[in-house]
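Visitor: One structure, pasted below without further comment.
Every read-out reported here was derived from the displayed coordinates using simple, explicitly stated rules and does not represent laboratory data. Computed from a predicted structure; not experimentally measured. In this analysis, Cβ positions are derived from the backbone assuming ideal geometry, glycine residues included, and neighbour counts consider all displayed protein chains.
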Amino acid sequence: MNWNPERIPAAALLACLALASADAALAATVSNKPDGPTIRLFPTTVVEDLRQTSTVAREMETGLQEVIGRLDQQQQLYIDSKCEGAEDDPGCQRMAKQLGATYLEMLAIMEERLPDMEHTVNNTRLSLEKRLRSELGNKMTPWMLQETLLAGAPEGKTAPAPKLRGRSGMRLSERFKQYYQLVSTSGSRSDQSLAVLAADVYLDMEETSLLIARTREEIARATVMEQVNQSFGIVTPEMMEVVGGVKSILFGETGSDIQIAGPPPAQVEQAYTSPLQY
Amino acid sequence: MNTRFTLPVAGLASVLAAAALLASCATTPPPCNSPTTKNLSAAIDQVQTELLNGCEAQFDRYYDELLTIAEGDPKPENKRAFSEFLVWSKDQGLLSRRQAERYYNTYFNVKFVALEGDYNNCSHSCPRRDRVYLEMERELNAKERGLLKVSLDNDGYYRANELYQEVELVLEATCTACAAR
């Protein structure tokens, strides 16, 4: 795997921010359900872990949002001043240094918040891991899993399910909206939603745990590198990439996923049930 | 003298010829013709005749040919036609009930036959996860044909497609959790 240390913060941030929306939605899913889940994927301890992760993630997000805003302005000023290709200009060097300083600030915030984040993410991951192994891994056959996933979705009437994985490039508020939409329809397909959500969040946590661990290892090195760059007043392409990446996470500016329209829904004429059908 | 010698040779030759003729009759396979019509109902009649005339070994080919014919005139009723054909095949002893079910459900049901199994996911599905995905992918292609192209059951096909993605996601997470024990 190619590992670019200067890109780690953006990747980790992506995963961390995704968590913020995921766990908030999960907590709501469970509390909104009147009957309680048949599959016990989210006992109180897991929900509590999720809530804790949500708080930590939100703190990190809030802290970063302000810095990102400043980075954005500084970057725009740098571009508007036509500093690209004019790095020797004293004014441009000053702007580059300011940009670098804000970048360092961002790294510092991440360094400060990451240990908390790592702790809560690992707690949640381990709790979910245990539940998934027990409820879906040991208590279910593949056929039962299939039946669970199909349960609740009435034949011939599928509600368009929000895409869960791969949330990069989407506006943060949109992610929240998607999860809330899922929560609001979960009453009719509770176990299915819970199983998919649990799997989704668990895999996100797995990735996040790994990214946080690697980010913590590399963040000091990235900071030193940027401090060296500061003395020359350079805006490196990697730095710009990180800033761009972070912007895309928070503001969804890279939404380049072109959606191709699906075929029209079928006419409702599927009453026939074969005697051979399972 | 000459005639006495010629007669047994001629007799022997004719006996051999007759034996060869009989042997060739016994081993000549039935032609097992493909249906010649584009009408599904008529094609099923033709296939049924062929199957009863010793072509049962060609069942897979005939099923595939019937699907191709049905693709030419897709409609929801085709589902019933295939079901009835498979029930007939079972009643004629050409297929076991289990085989008939598999033929039907692979193509015309949202549920995946590939997910049949009596053991739990940690011990059964996870060790052979890649094979499960591959079988599900193949089955999804069959469902695209049966549900979408033959029966115009778009909703059914999209549910199957969604189910495939969800199973993949949930199984991925579950198996990771199982492995972390």
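Visitor: Residues of B:114-120, mean number of Cβ from any other protein chain within 10 Å of their own Cβ, rounded to a whole number?
Guide: Neighbouring Cβ atoms belonging to other protein chains average 5 per residue here.
Visitor: How would you classify segment B:38-105 from its alpha-carbon gyration tensor, with a ≥ b ≥ c the square roots of the eigenvalues: rounded for a/c under 1.5, else prolate if a/b is greater than b/c, otherwise oblate?
Guide: oblate
Visitor: What is the extension gain from A:Glu48 to A:Ser81, computed as 0.36 nm multiplied by their sequence separation minus the C-alpha to C-alpha distance, in nm to one decimal?
Guide: 7.0 nm
Visitor: Oh, and also: Around A:Gly91, under 14 Å between beta carbons, what's the net of Lys plus Arg minus Asp minus Glu among the other residues?
Guide: -2
Visitor: How big is segment A:33-114 by the Kirkwood estimate over distinct Cα pairs, in Å?
Guide: 15.9 Å
Visitor: May I pose another question? Over the Cα atoms of segment B:80-125, what Rg and Dmax result, in angstrom?
Guide: Taking only Cα atoms of segment B:80-125, I get Rg and Dmax of 13.2, 40 Å.
Visitor: Something else about it: Using alpha carbon centroids, what distance separates segment A:64-109 and segment B:103-181, in Å?
Guide: Centre-to-centre (Cα) distance: 50 Å.
Visitor: Still on this model: Just how many % of Cα pairs in segment B:117-181 lie over 14 Å apart, if you round to the nearest whole percent?
Guide: 61 percent
Visitor: For peptide B:160-170, compute the average count of partner chain beta-carbon atoms within 10 Å of each residue's beta-carbon.
Guide: Average per residue, whole number: 6.
Visitor: Within a 10 angstrom radius of each residue's Cβ in A:127-137, how many Cβ atoms of other chains show up on average? Whole number is fine.
Guide: Other-chain Cβ atoms within 10 Å of each residue's Cβ, averaged: 6.
Visitor: Same structure again: For the pair A:Thr62/B:Glu116, report the inter-label distance in nm, with labels modelled 7 Å from Cα in the Cβ direction.
Guide: 5.7 nm
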